[in-house]
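Note sheet for the following structure.
The values are calculated or read from the model by the stated rules, or taken from the named source; none is laboratory data. Quantities reported herein were computed from a predicted structural model and do not represent experimental measurements. Virtual Cβ from ideal backbone geometry, glycine too; neighbours counted across all protein chains shown.
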């Protein structure tokens, strides 16, 4: 899949006009890890590499819990590493009890 093809996927990038593969790398990787399919993931792995995807996964504040746990299992990351990332997310004051 070519660079331009992935960025034209309206289901992933419906809310943005133009993207630069290098400048917007983290945003693109997070969207793919959250909502992408197998083809999208393969593209991201080919472009960015597994190490960058893992780094994005562990530093992300936008991944939903299901995606976070799936990718942590996929990359065989330590459970404590993933739970630490998950619990360290800032919670909106609106949602605090």
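Structure values in brief
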{"read-out": "Options 67, 60, 56; residue that is modelled with pLDDT under 90 and touching a helix residue (DSSP H, G or I) at 6+ places or on another chain (Cβ under 6 Å)", "value": "60"}
{"read-out": "Yes/no for residue 69 being within 9 Å of the chain's Cα centre (by Cα) and surrounded by 14 or more Cβ atoms within 10 Å (Cβ to Cβ)", "value": "no"}
{"read-out": "Segment 83-97 - residue that is assigned to a helix (DSSP H, G or I) and surrounded by 11 or more Cβ atoms within 10 Å (Cβ to Cβ) and, of those, modelled with the highest pLDDT", "value": "83"}
{"read-out": "Every residue from segment 33-55 that is outside any helix (DSSP H, G or I) and exposed (fewer than 15 other Cβ atoms within 10 Å of the Cβ)", "value": "37, 49"}
{"read-out": "Options 20, 80, 15; residue that is outside any loop (DSSP other than H, G, I, E, B) and at pLDDT below 90", "value": "80"}
{"read-out": "Count of segment 23-32 residues which are surrounded by fewer than 18 Cβ atoms within 10 Å (Cβ to Cβ) and in a helix (DSSP H, G or I)", "value": "3"}
